[in-house]
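Down below is the structure, laid out as structure tokens.
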Amino acid sequence: MIHPDRSFIEKIESRLKFIYKDKYKKSILTDLIRVISSYRITASKGQKWDEKDVVLITYGDSIKTDNEAPLQTLRTFLNENLREQLTVVHILPFFPYSSDDGFSVIDFREVNPELGDWQDIEDLTNDYDLMADLVINHASSKSLWFKNFLKQHGKGKDYFITEDPGTDLSLVTRPRSTPLLTPYETANGTQHVWTTFSADQVDLNFSNPDLLVEMMDILLGYINKGARIIRLDAIAFLWKVVGTTCLHLPETHEVVKLMRDVAEFINPDTIILTETNVPNKENLSYFGNGDEAHMVYQFSLPPLLLHALHTGNSGYLSTWAKSLPQLKGDKTFFNFTASHDGIGVRPLEGLLPDDEKNSLVENMKGFGGLVNYKSNPDGSQSPYELNITYFDALKGTHKGEDHLQIERFLASLVCMMSLAGIPAFYIHSLTATPNYYEGVAKTQHNRTINRRKWQLNELQDVLNNDTPQKKVFQSLQQLIQIRKKQSAFHPNAQQKILDFGHAVFAIQRKSQDQTILAIVNLCNEETGIELPVEFSFDIISNSEFTSKKLKAYQCLWLTKNK
């Protein structure tokens, strides 16, 4: 048993008083301290991240065979192909679930037996750091908690939110077009429960402190199992107050702060990552005052980068990048271009004019993409996310398809890898996976277009033969290896956006002992450029760069003359 010191207890109590206000009772603190005291403390290894950190985002069964647990197949594939590139593997929810490919969790403490078991997770943590999801906003309607809610007996009977269907909830921010309230028959009659994302994903009631303590125990359980990064899924929707947007409420931010305090107490190297697919300013608010999230997703990056490469114009991308704060210490960005979800449209609000946004949506449809919509307070609908693999999203420009898909796609990833923060690669970006229409037809869900399950032998054939997938995979292996050796790409190294013309995205990254100019031609044509004479060695090609022109989608990482 560990015994938290007085200063830690006082900090935790202050958080709990803020969250529960006049409903706060000393018993809440007692229960939470009891949970914390049941876990062992892990000593810090010294720093949370450096330039060597690279994350893979994958489902536990993104690569499968017929004769072993998918988590074992995944580990073997990674060790044979990406052991030198990756430091962190994000296994998307690996728990028993009933829908949404894992995000409707039936049991938060068990591994889905169709993927493997806790031993398989532990084996992975022997080779890589683990990033795990705390699906904190909701639980499955098939969970024991919700079954007990329906019976009104046992743990979970008061873990969910009920509301009178006559209540005016028009101010609530909606990420979906499905009903906010879903009727269920309970032992006390028909109850309308809060379901932000779907009828099967029932929102949890954090105004009940017993639930908060329970979720803290689950959080610490993941850390105890080896999770280094905890991703707080859909955290922005956590706290509900009728008459508000129910988004980013002060109590939500305080819960994140509390989780950081508790997680770091148990393991100082733990990283709290908030998943908030919202406009840029709202997203950045989750850093708090250096006391909240350690990392936030760069949700504006994927759609802005798509726009830049579709138009051959860096203007909006560069303006956004210039606005980003210089992060130091225990704060950095989680950079990505694609994930298991679609490409968010809301993060473009305030960054891209509506006509440009609408044009991008239409371009994606032209390349075989699908669109998910959300409901607005006035009853209208608007695009919420684009569903398309990032590889197929870049099969052309606003002028149509061309023969430069591979070059354009690699340029997008070099841009992402050059930005301050930790780079993350979705498995289907590493494998340049095309749109998976067969999956959409099977599930009837647009997001399946970017959630293909590779058979191992099929993927090996694709990567061993002369295919676009092989070219992308090998290029990324090399680029990641080069990047990991550059101190200027430390997540907190200085960043300055440079101006070399509208067709070029240019960044200066600077550490104590190295400066790199990252230069990417966003255009499908040759572009003239005047570079500082002292920066002429390109570490990507390992050669001098003396030209005054960049080829279509050419990428450079320039250092000072050798």
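The values are calculated or read from the model by the stated rules, or taken from the named source; none is laboratory data. Fair warning: this is a prediction, and the values are worked out from it, not measured in the lab. Here the Cβ positions follow ideal geometry from the backbone for every residue, glycine too, while neighbour counts run over all protein chains shown. All accessible areas refer to the heavy atoms of the entire protein, side chains included, with ligands and DNA or RNA removed. Shrake-Rupley method; radii C 1.70, N 1.55, O 1.52, S 1.80 Å.
Net charge within 13 Å of Tyr436 by Cβ-Cβ distance, Lys/Arg positive one each and Asp/Glu negative one each, not counting Tyr436 itself? Residues near Tyr436 contribute +1 overall. Pairs over the 18 Å Cα-Cα cut-off, from the set Lys52/Lys560; Lys11/Lys257; Lys485/Lys560: Lys52/Lys560. For the chain, the antiparallel share of DSSP beta bridges with both residues in that region comes to about 60%.
Think of the chain as a dipole: +1 on every Lys or Arg Cβ, -1 on every Asp or Glu Cβ, centred on the Cα centre; then among Asn79, Gly421, Trp239, Gly421 lies furthest on the positive end. If a/c stays under 1.5 just call it rounded; otherwise compare a/b with b/c (prolate if a/b is bigger, oblate if not). Do that for the stretch 417-562, with a ≥ b ≥ c from the square roots of the Cα gyration tensor eigenvalues. The shape class here is prolate. Between His398 and Lys52, the simple spin-label model (points 7 angstrom out along Cα→Cβ) gives 4.4 nm. Overall size of the stretch 354-420 from C-alpha positions, given as principal axis extents largest first: 42, 31, 20 Å. When shorter helices are ignored and each DSSP H run of at least 4 residues is given -39500 (n - 2.57), the per-residue value for the chain at 222 nm works out to -9500 deg cm²/dmol.
When the inverse distances between all different Cα atoms of the chain are averaged and flipped, the Kirkwood radius reads 24.5 angstrom. Pairwise Cα distances in the stretch 408-448 exceed 17 Å in 47 percent of cases. For the stretch 176-233, the Kirkwood hydrodynamic radius from C-alpha pairs, put into Stokes-Einstein at 25 °C and a viscosity of 0.890 mPa s, yields a diffusion coefficient of 179 µm² per second.
Quick one: net charge of Lys549's neighbours, Cβ under 11 Å, K/R +1, D/E -1? Each step should come with its number before you reach the end.
Values: positive: Lys548, Lys551; negative: Glu525, Glu526, Glu530.
Taking every other residue near Lys549 into account, the sum is -1.
Between the residues Asn208, His192, Gly226, the greatest Cα displacement towards the positive end of the dipole of the stretch 191-237, with unit charges on the Cβ of Lys, Arg, Asp and Glu, is found for Gly226. Computed with the Debye formula from one identical point scatterer per Cα of the stretch 255-322, without solvent, the log10 of I(q)/I(0) at q = 0.20, 0.22, 0.28 Å⁻¹ comes to -0.80, -0.88, -1.16.
Given the pairs Lys281/Lys374; Lys328/Lys395; Lys147/Lys225, which are separated by over 31 angstrom at their Cα positions?
Lys328/Lys395
Relative to the current alpha-carbon distance between Ile539 and Thr167, full extension at 0.36 nm per residue lengthens the span by 127.8 nm. Extending 7 Å from the Cα toward the beta-carbon at both Ser27 and Ser382 defines two label points whose distance is 4.6 nm.
Subtracting the Cα-Cα distance of Thr76 and Asn188 from their residue separation scaled by 0.36 nm leaves 35.2 nm. Dipole check for the stretch 23-66: with +1 at the C-beta of Lys and Arg, -1 at the C-beta of Asp and Glu, and the Cα centre as origin, the magnitude is about 560 Debye.
Dipole magnitude for the chain: about 900 debye, using +1 per Lys or Arg Cβ and -1 per Asp or Glu Cβ, origin at the Cα centre.
As a length-normalised measure over Cα pairs under 8 Å and 6 or more apart, the relative contact order of the stretch 266-415 settles at 22 percent. Taking a ≥ b ≥ c as the square roots of the eigenvalues of the Cα gyration tensor, the stretch 60-107 is oblate, since a/c reaches 1.5 or more and a/b is not larger than b/c. A 1.4 Å probe run over the protein chains yields, for the stretch 172-300, 26 Å² of accessible area per residue, whole-number rounding.
Using a Förster radius of 22 Å, what is the FRET efficiency between Thr65 and Ile218 based on their Cβ-Cβ separation? Nearest 0.05, please.
Efficiency computed from Cβ-Cβ geometry: 0.10.
If you plug the beta carbon distance of Lys322 and Gln512 into 1/(1 + (r/R0)^6) with R0 = 22 Å, you get a FRET efficiency near 0.45. Three principal axis extents describe the C-alpha atoms of the stretch 271-413; from largest down they are 46, 41, 27 Å. For the pair Val241 and Phe8 in one chain, pulling the backbone fully straight at 0.36 nm per residue adds 81.0 nm over the alpha carbon distance. Checking the a/c ratio against 1.5 first, then a/b against b/c, what shape does the Cα gyration tensor give for the stretch 13-162? Oblate shape, in that a/c is at least 1.5 and b/c is the bigger or equal ratio.
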